[in-house]
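Participant: Here it is: the structure, laid out below.
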Amino acid sequence: MRNKILFPRLLVVSATLFLASSVIAQSSEADPRQTRVTVNSSGEIRLETEPTVPSAAEERRPRTVTSPGVARPVSLVPTINVTNRFDQSLLTAIQSHLGATYHFNRTGPEEFDCSGLVWRAYQDIGINFQRGPARSYWATFEEPSKDQQFKFGTLVFFSNLSHVGIVVDEKGFYHSARHGGVMYSPFNEYWLSRIDGFRRVPAQSLQATAPNAKPRTSATNVATVEQNNEP
C-alpha cells in the first residue's frame, strides 16, 4: 500500500524536476545568477536564486568607463593671401594676439578691447597714432574708396561707431569681442547689417587728431558707450 502511494509522488517529483531544469536552462543566459531547486518534506518544490560570485579573474579585470564624446569648437581660420610686406607684417601682428581675452580699456598684451587691439596691431609694426575709442579713429582717418573698403587692413566700424575691427577681405575681419576675445569673424548677416562705414590707416607715422575731427564729449563718456555696445 505504501509503495502505491510513493510511486505516483515520485513520478510527480521527477516530472516537476524535469520542468524546473528546463526553465533554469532557458533563463541562464538572461539571468547570470545561480538557481537551486529544493523539495520540502511535503513534496513541494521551491526554486531559490542566489547571486553569482564573480571569479577572481573577473574581479581583477580592469573596468573602463566610456564617456560620450564631447564636440570641441573648431577655430575659424581664414585663408589670407597678402602680397606686400606691410600687409604681411600687420597680419603677423594681429595673429600674434589671437585668443587674448576681452577687457575694457586694455591694449594687451593678454587683454584687449576692440579699439585697443587696433591700436596695438599698428603699434607693433611701427604705425603710431593716438590711442582712443572707436569713434576717435573714425574721426581721425580718411574714408577709403569703395574698392578699398574690403581691402586688408581697412578699419570697419559697427553699431553707431561703438565697435571696430580690421578687415581681412570681403569675407571677414579681426576684432576683440566681449564674447570671444580676439578672434576672426565672418561678415555674416548680423555684422553686415551693423556696419557704419570704413576708414584707412595711412602707412606712415601719425600723431594727434585730424583737424576736421568731429567734436565729441569727454573720452570717458565715449569709451563707456563703446564698452556697453561692443558685441
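Rule-based calculations on the coordinates, nothing more; no lab input. Every value quoted in this text rests on a predicted model; they were computed, and no experiment measured them. No Cβ is skipped: glycine too gets one built from the backbone with ideal geometry, and neighbour counts run over all protein chains shown.
Participant: If the requirement is being farther than 17 Å from Thr107 by Cβ and in contact (Cβ under 8 Å) with a residue 24 or more places away in the chain, which of these qualifies: Gly165, Gly153? Spell out how you get there, then give the answer.
Facilitator: Numbers: Gly165 fails: farther than 17 Å from Thr107 by Cβ.
When all the criteria are applied, what remains is Gly153.
Participant: Do you know which of the residues in the stretch 140-183 that are assigned to a loop (DSSP other than H, G, I, E, B) and of a type in the set (Gly, Ala, Ser) is farthest from the chain's Cα centre (by Cα)? Even if it seems obvious, please write down each step before you answer.
Facilitator: Filtering the stretch 140-183 for residues assigned to a loop (DSSP other than H, G, I, E, B) gives 141, 143-145, 149-154, 159-162, 170-171, 178-180.
Filter once more, so that each one left must be of a type in the set (Gly, Ala, Ser): 145, 153, 159, 162, 180.
Numbers: Ser145: 37, Gly153: 27, Ser159: 25, Ser162: 26, Gly180: 10 Å.
Only one residue tops the list, namely Ser145.
Participant: Being in a loop (DSSP other than H, G, I, E, B) and more than 15 Å from Arg199 (Cα to Cα) narrows it down to one of Phe86, Phe104, so name that one.
Facilitator: Of Phe86, Phe104, the one residue that is in a loop (DSSP other than H, G, I, E, B) and more than 15 Å from Arg199 (Cα to Cα) is Phe104.
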